[in-house]
Structures are given as structure tokens and as C-alpha cells.
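The values are calculated or read from the model by the stated rules, or taken from the named source; none is laboratory data. Predicted model, so just to flag it, every value in this text is computed and none were measured. Every residue, glycine as well, gets a Cβ built from its backbone with ideal geometry; the counts of neighbours run over all protein chains shown. Note: areas computed on protein heavy atoms with side chains; ligands, DNA, RNA excluded. Shrake-Rupley method; radii C 1.70, N 1.55, O 1.52, S 1.80 Å.
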Amino acid sequence: MNGFKTAEDMLSPSPSLAVIIVNYGTAELALAAAASVLEQAVLPPALHLHIVDNASPGDDAQTIEKEITARGWQDRVTLWAETVNHGFGRGNNLVLCALSDQPTSPDYVLLLNPDAILEQSALATMAALLDARPDVVGVGAGISTPDGRPVTAAFRFPSVLGEFESAASFGPVSRILHKHRIPLSPDHPEGPVDWVSGAAVLFRFTSLQQIGFFDPGFFLYFEEVDLMRRLRERGDVIWYLPSARVRHVEGAATGVKPGTKRRKPAYWFRSWSLYHRRAGTFPRALAAATAHVSGITLNLLQASLRRVESVHPRYYLRDFVIGVFPALLWARQAFND
């Protein structure tokens, strides 16, 4: 026996569990994500689900509100109809702070993307691991595409060499620097990792409470990396659990999808800069930015010599330099705050 409870045993007695879905312009997907939670094979009686509509264009909030009533979810689901788009981290913080102010806070909280669908027993499987491992504070699910193809859901923290490898995206470089690659392989085994995909991750609520939840400086991207970095710096364990399966349509809300050539939005570069500012010293952040630019340059050069298309969107080198370096230099004095 390995000491782990089964998914069914986990709920006796059941922990209180909150689920948060932050929606922006994907009402139907958010409802499908909510349904995948409420239709789990084993459902905690103390579970409550929160859908934050981040001032979506159109009638998303009204659609979600009507469907909550039509599906009889009123006792299980609360809609937060916001008039401002808070972004991902701050959107989650609205609910997390409200839960923290309650006389009794939940034991666990699941952060679920609106474009993610839990497969049967995924939630109970993640909660069972937290029950069995007091040292683990966060559990990330295995992610697959809608057609069932596994994708990377576990990662290393960004580093100088990792940034170079990522931007270079060139076979010989990747082979040499494979131990520094930020994304781990899609078939990475169960166990502790630096951080996991924010598409579906279950946390101990008290652990998030102790670090102050998400850094409100992030609008979108890198906020979950920063959150788990702060947990890991305390010595907490983040666990990758591929047996808990989630289907994910990545980028459905933002339009920034893997493999596409769409230019990254300005807030991606601001978030990149902010993460590296939070994660270390100014020289280290500057080195990471320089390594990333060097990697982009190498990728463009080899693509030109081989007469193939670069993996990067058009103007990515210019966008990165303009979007990252001024922000780092402007914030230089704040690195050691």
C-alpha cells in the first residue's frame, strides 16, 4: 500500500472545496468547464463553484446567469459579473480574498481555465493526493488537446539558459541545453516539479492565503509561474499528477495559441519583465532578456540560411526589445525592494 486514498475514500469526511473559473468572452466554454466540475464521478458535498465574468464583450454574463438558473445550479454556483476586466490573477483574487474573509475558508481551491474540461474523477484524484501528502500544496493535472494528444503541463522555472533555448528553438541548441528547457516533456512522470499549467491546478487554500494570493501586478501570463515560485521559495512542493486528466483548448480566450504567428500582446512583454523582476536581481533579469534576444536572433539567422520560416511571429524581436528592456531599466531600483 502506498498510503494514498482512493478518489471515493477522499470524500469521507470531505474537505470544503472552492472552484474558480475566470471568463472573458468564452461563455459557452466556461459553462462546459463548470459542468465538467459538477458532473464529476465523486463530488464533494461542500463544493462551491465561482464564475468570474471579467467584463466580457457581448452578453456573456447574462448568458451564464441564465444557464445557472436553467441548469439548477443556483446552490452550487455563484456568478461574479464584473464591470472591469481584471485579468486572470486579479480575477481569481476577487474570489480568493472574499473566501479569506469568511469565518470558515475552504480547505482546497481549484483554479480552472474556462477552456478546460475535467475528465471523470480528475478533481477527486487531485484532492486525494493533497490529503495523502501534507508537504504538497499544489497539484497540477495532465493536459491533453481536445482530440486526446498529451501536451506539456509541467515546467522548470525560467532561467538565463532556458530563455536562450526557448527563443532559439533550434534543434542542436535544444539538445545541448535540454536540462535547462523550461517545458518538460508531455510524458513527464508524476512527481514534484517547479510549476504546473494553470489550466487546472488544485491548491491548499491556506498556502495561497499565506503568500497573499496572486501578485496584482500581473494582468495575464506568468502570474501562475510567479505564484508557484513564491510557494517553492518557502519550501513547498508542487506536484504534477498526469493521472488526473484535463482536456484543454489553449488560447481560446486570448487568441494567443501555440504554433500561431499572431503577435504577442503588449501585456505579455510586461508580464515577462515583471516576472523576472520579481524572481531575482537586476543583472540576472537583464541577462535573461539578453539571452532571449540572442536566441531570437539565432533563430532568425538559421531560418534565413535554411530558407525556412522562423517559429516567431513577425516583429517579435522588435516587440521584445521595446516591450521588455525599457520596463526592466525603468524598474531597476525596485529589484531589491
**Request:** Report which label in (1) 34, 22, 20; (2) 47, 20, 16; (3) 37, 22, 22 holds the value of semi-axes √(5λ) of the Cα gyration tensor in Å derived from the coordinates of this structure.
**Result:** (1)
**Request:** Apply 1/(1 + (r/R0)^6) to the Cβ-Cβ distance of residue 174 and residue 325, taking R0 = 22 Å, and write down the FRET efficiency to the nearest 0.05.
**Result:** 0.30
**Fill in**
The correct ranking of 80, 195, 272 by accessible area at 1.4 Å, largest first, is 80, 195, 272
**Message:** At 1.4 Å probe size, put 194, 75 in order of accessible surface, largest to smallest.
**Reply:** 75, 194
**Message:** With just the Cα atoms defining each centre, how far is the range 154-185 from the range 275-337? Give it in Å.
**Reply:** 14
**Area of residue 277 that stays accessible when all protein chains are in place (1.4 Å probe, Å², to 10)** = 60
**Item:** residue 176 - accessible surface, heavy atoms, 1.4 Å probe, Å² rounded to 10
**Value:** 130
**R0 of 35 Å, Cβ-Cβ distance residue 149-residue 71: FRET efficiency to nearest 0.05** = 0.70
**Fill in**
Ordering 206, 152 by the accessible surface of their heavy atoms, 1.4 Å probe, largest first, yields 206, 152
**Asked** How much net charge surrounds residue 78 when only the other residues with a Cβ under 12 Å from the Cβ of residue 78 are counted, with Lys and Arg +1 and Asp and Glu -1?
**Response** -2
**Complete:** Note: probe point = Cα of residue 32 + 7 Å toward Cβ; backbone nitrogen < 19 Å; residues of the range 213-250 passing the test are 245-250
**Prompt:** Rounded to the nearest 10 Å², what accessible area does residue 144 show when all protein chains are kept and the probe is 1.4 Å?
**Reply:** 0
